[in-house]
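For reference, the structure is listed below as structure tokens.
The values are calculated or read from the model by the stated rules, or taken from the named source; none is laboratory data. Bear in mind that the values here come from a model prediction, so they are computed numbers and not experimental data. Ideal geometry is used to build each Cβ from the backbone, glycine not excepted, and the neighbour counts take in all protein chains shown.
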Amino acid sequence: MTEQDNSRVDVFPHLRLIAKWNAHPRRTRWISAGPLGFVMAILSMASLPHGLPVGAGGVDHLVMPVVLFPLLWAVLIVVPVLPERPGGVQAAYIGTILVELVLIVLGCGGSL
Amino acid sequence: MNGPSNQAIKRLISLHGWSGTVLSIFLYAVVLTGTVSVLRDEIARWSDAERHIVHPFGQPIYATVRRLSDQVPEAFRAQVRVEHARDGSLRVFFYEKRKIPGRGTQDFGRDYLLDPETHSILAARQGVAPHQRVESRAHELSHFIVDLHARLLIPGRLGLYATGVLGVFLLVAVITGILIHRHILRDLFVTERPGGRVVSLRDRHGLASVWSLPFSILLAFTGTFLSFATSLGLPIVAMSAFGGDIDRAFAAVTTPAKVENAAPADLADLDQVMADALRISGTYPRLLTIEDAGRRDARIVTLHRNGGNGAVRSHTLEFDGATGAFLRDRPLVGHEPSVGSATVALMSPLHFGDFSGLASRAVWLALGTVMTISVVSGMQLWLKRREDDPVWRSCRMMFAAVVWGLPVMLSGAAYGFFLSILGHDVHRGTLAGFLVSGFVVLVLSLRAATPVELSRVLRRMFAWSVLMLPVLRLQTGGVSWGEAILNNIWQVLLIDALCLALAVILLVQQRVQDRAAQNALNLAE
């Protein structure tokens, strides 16, 4: 890590974790593009019905996540390959998964 | 705007290669059979032209439905499904929703299969949803090819998952291909450099891929949706938004709300409804459903094939079940037209290319062929770059066996189909033909000394087998070209001509290559 990175880590301690992931970029890419990407795509399909607008036909929030699932999964496989340091992508994936889980729990709580 | 860095490009090339390589054999199988499936209707007509195929909805059906309705228990009379079955017969299913222990709510009722012309009963059965399988001469071969394309012959949801995952890998290959190709427009007009070198293969792969690029995205996207929509998407959405109740989720998506009116009323004249549906959509429906028959709020819905009266998507026409009055063109999903319903309605026509008759399917066939070349040339390029590696060198043999072996096996399935027509069990015959020819390919692969020799043998075998297919068709009772012309069965002429043209092209190409190799050998000596 550079000196600038060290000072940033002091301010934001969670960056230490991202730096740790960046130290093993190959492994991080595999985890992000593989299991994390798949879980995120599945959870997107499950959580978007609770967040998307219903639409005039009353089904947009149900069908659009299913329609977008293949494209989303494919993009989530490609994205971790692009940056030199993929730790940030992995952090974004994990963060999004957590948000999606919250959306699902809140949505299920509301519908039960 | 800066593109990906050089390091990122290297990683993208690696992902592009691996996503295409790991599953390339299966991807090739799906793409090749998908291309052949474009002509499924023509293959069905060609493979059993002798039988007089009458559209079951071309005959009056109202009296038949009423006659059968009187024979079934009263509980089954409210919901009726009248269908143009896959074997060409007329299927009428009277049912009710019933809780089955361990299987949830199912359609339980009495199912009739009727002769499409006389409407006499061919088979009847009472049970859960119609699963009767009648030996289908007319559609067996084409359905075999479609099943291979859509499920790789793997039964149930697993087959759909497999092809869905393949679709995602194809999407990944396309996305990475776009990112690594910096000169897409220039590659549209590149010519292949001679010599069978790495650059030659790169030119071939680039050219085929760039021309089929929009089509690849379209097919991979729509195909993956069709694989995952009901097998994975709907159950997950149902689990998340409907507490796991798939029936409720399905009803919410497909069944529009209506004003309840349980007052008794006679069912409208189905023949009049059918005539109106034909007038509005320009085609016979493939399915007619009657919802809540015998009530004032009954609905009759006709589901049509893609295309028809200039529309890309299929029509779903809704009629009043008591008066027969046309109510509206119902969206495929949802209560009213919306972004979601329009997107879902476009998936099937864009995947099958059947929205504008033979013209659109000819385009889909041509682009599917280019896509197949793209998959094959990509794999050839990958293997050429690694020909010094002994592991990848052994893969060349396997790849040669699949590239020419699969067409041989498809041709074998057609042989099995025609030979079993005489024995009547065409379903087993088609599968047996496929597997026996697969075994022959396996034996030849094990005996071949080099991939080049194996390709040569299999290509010649495929060319001769395809050349003899029209002869076998004639010998097993198929109509002659004269009869086909007289009776306007143009599908026979089309598929026979395609078989002959394909065989001639392959044999001539092989001869030219053999001569070139011989000349090179003579020069060397």
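Under the condition of being in a helix (DSSP H, G or I) and free of Cβ contacts under 8 Å to residues at least 24 places away in the same chain, which residue from segment B:484-497 is surrounded by the fewest Cβ atoms within 10 Å (Cβ to Cβ)?
The extreme case among them is B:486.
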| remark: Selection over segment A:95-108 where residues are surrounded by fewer than 16 Cβ atoms within 10 Å (Cβ to Cβ) and closer than 16 Å to residue A:79 by Cβ yields a count of 1
| task | Having 1 or more residues that are basic (Lys, Arg) and modelled with pLDDT under 90 is the bar; report the strands (runs of 3 or more DSSP E) wholly within segment B:286-405 that clear it. | result | B:326-329
| Failed condition for residue A:16, given (1) surrounded by fewer than 21 Cβ atoms within 10 Å (Cβ to Cβ); (2) touching a helix residue (DSSP H, G or I) at 6+ places or on another chain (Cβ under 9 Å); (3) within 14 Å of chain B (Cβ to nearest Cβ) | (3)
| request: Please work out if residue B:268 is in a loop (DSSP other than H, G, I, E, B), modelled with pLDDT of 80 or more and buried (at least 17 other Cβ atoms within 10 Å of the Cβ). | output: yes
| message | Restricting to segment B:237-286, give me the number of residues that are within 24 Å of residue A:43 (Cβ to Cβ) and in contact with a Phe, Trp or Tyr (Cβ under 8 Å, 6 or more places away or on another chain). | response | 4
| said: Please determine whether any residue of segment A:51-62 is facing chain B (nearest Cβ under 7 Å), in a helix (DSSP H, G or I) and surrounded by fewer than 19 Cβ atoms within 10 Å (Cβ to Cβ). | reply: no
| message | Tell me the residue from A:83, A:70 that is closer than 28 Å to residue B:166 by Cα, without any contact (Cβ under 8 Å) to a residue 12 or more places away in the chain and either more than 11 Å from every other protein chain (Cβ to nearest Cβ) or not in a helix (DSSP H, G or I) (or both), please. | response | A:83
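Every residue, every condition in (1) within 14 Å of another protein chain (Cβ to nearest Cβ); (2) outside any helix (DSSP H, G or I), yes or no:
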| site | (1), (2) |
| --- | --- |
| B:16 | yes, no |
| B:28 | no, no |
| B:42 | no, no |
| B:54 | no, yes |
| B:63 | no, no |
| B:68 | no, no |
| For residue B:249, all conditions in the list (1) within 14 Å of another protein chain (Cβ to nearest Cβ); (2) in a loop (DSSP other than H, G, I, E, B) hold save one; what is the number of the exception? | (2)
| task | For residue B:371, state whether it is within 19 Å of the chain's Cα centre (by Cα), closer than 25 Å to residue B:474 by Cα and more than 14 Å from every other protein chain (Cβ to nearest Cβ). | result | no
| remark: When (1) exposed (fewer than 12 other Cβ atoms within 10 Å of the Cβ); (2) not in a helix (DSSP H, G or I) are applied to residue B:512, the one that fails is (2)
| request: Could you please tell me which pairs satisfy a Cβ distance under 6 Å, a separation of 6+ or placement on different chains, a first residue in segment B:152-168 that is within 14 Å of another protein chain (Cβ to nearest Cβ) and under 12 Å from residue A:73 (Cα atoms), and a second residue that is crowded, with 16+ Cβ neighbours inside 10 Å and among the small types (Gly, Ala, Ser)? | output: B:164/B:227; B:167/B:220; B:167/B:223; B:168/A:74
| task | Among the candidates A:31, A:94, single out the residue that is in a helix (DSSP H, G or I), within 20 Å of residue B:173 (Cα to Cα) and more than 10 Å from chain B (Cβ to nearest Cβ). | result | A:31
| Among (1) more than 20 Å from residue B:30 (Cα to Cα); (2) surrounded by 18 or more Cβ atoms within 10 Å (Cβ to Cβ); (3) more than 14 Å from chain A (Cβ to nearest Cβ); (4) among the polar types (S, T, N, Q), where does residue B:142 come up short? | (1)
| query | Just one of the numbered conditions (1) touching a residue at least 24 places away in the same chain (Cβ under 8 Å); (2) exposed (fewer than 15 other Cβ atoms within 10 Å of the Cβ); (3) more than 14 Å from every other protein chain (Cβ to nearest Cβ); (4) not basic (Lys, Arg) is not true of residue B:257; which one? | reply | (3)
| request: Hey, can you tell me all the residues within segment B:30-41 that are in contact with a Leu (Cβ under 7 Å, 6 or more places away or on another chain) and closer than 19 Å to residue B:16 by Cα? | output: B:30
| Of the conditions (1) within 30 Å of residue B:144 (Cβ to Cβ); (2) surrounded by fewer than 19 Cβ atoms within 10 Å (Cβ to Cβ); (3) in contact with a helix residue (DSSP H, G or I) (Cβ under 7 Å, 6 or more places away or on another chain), residue B:105 fails just one. Which one is it? | (1)
| remark: Exactly one of B:303, B:232 is closer than 26 Å to residue B:166 by Cβ, under 22 Å from the mean Cα position of the chain (by Cα) and crowded, with 18+ Cβ neighbours inside 10 Å, and that one is B:232
| query | Which condition number in (1) within 14 Å of chain A (Cβ to nearest Cβ); (2) over 30 Å from residue B:16 (Cβ atoms); (3) within 32 Å of the chain's Cα centre (by Cα) is the one that residue B:276 fails? | reply | (1)
